[in-house]
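Everything below concerns the one structure shown next.
The values are calculated or read from the model by the stated rules, or taken from the named source; none is laboratory data. In this text the structure is predicted, and so the values were computed from the model without any measurement. Every residue, glycine as well, gets a Cβ built from its backbone with ideal geometry; the counts of neighbours run over all protein chains shown. With ligands, DNA and RNA removed, areas are computed over all heavy atoms of the protein, side chains included. Shrake-Rupley method; radii C 1.70, N 1.55, O 1.52, S 1.80 Å.
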Amino acid sequence: MKKSMAFKSFVACATIVCGIHFAMAAWQYDEGAGTISDGNWTFKVSKWTDTTFQTTVKAAGCLAGEGALDLEAAETDLGRKWVYQNDQFNGCKTITSMRIPASQTSLPLNFAYGCTAMTSFEATTALVTYGNYCLRDCSALVTLYPEIWTDEGSYKLGEGMLWGCTKLHY
């Protein structure tokens, strides 16, 4: 049984942010399969919390997808904060760009480590803590927003973050 947690029905359009094309299909939770999907990306859900005090989703393992990954849209459509785990998106070589929602203030250990096709990573200034080895070996990465090195005092950067990002110039 599919439950659509979208605030809107399927939207047949797209947005372009910082030159990145993000599809706008509504994310849905498939309770029977234990997955969330936007029609392109599919993730296995390890924990779905729907209580008065917590509305979160924990996803482990990318089952399918390629291209731009809009995690901001996932949170909006699902109506829950996505709780990132250590190694989230580690080695997912089909992500070409990623957008992090404003609700996220930190990224865990090894977040998006080895996403070798990712050329762009976008977050908000609310994201202030980057875990150890976050975005490491994203060898195609050329755009990082915000430019965290311009105001280093405002951000906590983990050990080994951005190592191997040879196309990123700062």
Cβ-Cβ under 6 Å pairs, at least 6 apart or on other chains, the stretch 39-54 side open to solvent by 90 Å² or more (accessible area, probe 1.4 Å), far side of a type outside the set (A, V, I, L, M, F, W, C) and at pLDDT below 85: Lys47/Lys58
Every pair of residues 6+ apart whose Cβ atoms lie under 6 Å, when the first sits in the stretch 70-97 and is charged (D, E, K, R) while the second is open to solvent by 40 Å² or more (accessible area, probe 1.4 Å) and in a loop (DSSP other than H, G, I, E, B): Lys81/Ser103; Lys93/Thr116
Subset of the stretch 57-116 (residues that are among the aliphatic types (A, V, I, L, M), open to solvent by 10 Å² or more (accessible area, probe 1.4 Å) and either in a loop (DSSP other than H, G, I, E, B) or closer than 18 Å to Thr35 by Cβ (or both)): Ala60, Leu63, Ala64, Ala73, Val83, Ala102, Leu109
Residue check, Phe111 within 25 Å of Tyr29 (Cβ to Cβ), without any contact (Cβ under 8 Å) to a residue 60 or more places away in the chain and among the aromatic types (Phe, Trp, Tyr): yes
In the stretch 121-130, the residues that are open to solvent by 10 Å² or more (accessible area, probe 1.4 Å) and either among the β-branched types (Val, Ile, Thr) or under 14 Å from the mean Cα position of the chain (by Cα) (or both): Glu122, Thr124, Thr125, Val128, Thr129
Test set (1) in a loop (DSSP other than H, G, I, E, B); (2) surrounded by fewer than 19 Cβ atoms within 10 Å (Cβ to Cβ) - Cys134 fails condition number: (2)
Tyr170 at pLDDT 95 or above, assigned to a loop (DSSP other than H, G, I, E, B), in contact with a Phe, Trp or Tyr (Cβ under 9 Å, 6 or more places away or on another chain) and more than 23 Å from Trp41 (Cα to Cα): no
Residues of the stretch 122-165 that turn out to be touching an Asp or Glu at 6+ places or on another chain (Cβ under 6 Å) and either closer than 19 Å to Gln85 by Cβ or without any contact (Cβ under 8 Å) to a residue 40 or more places away in the chain (or both), as a count: 2
Residue check for Trp149: closer than 21 Å to Trp27 by Cα and not β-branched (Val, Ile, Thr): no
Residues located in the stretch 125-167, provided they are modelled with pLDDT under 90 and either under 12 Å from Tyr113 (Cα atoms) or of a type in the set (Lys, Arg) (or both): Lys156
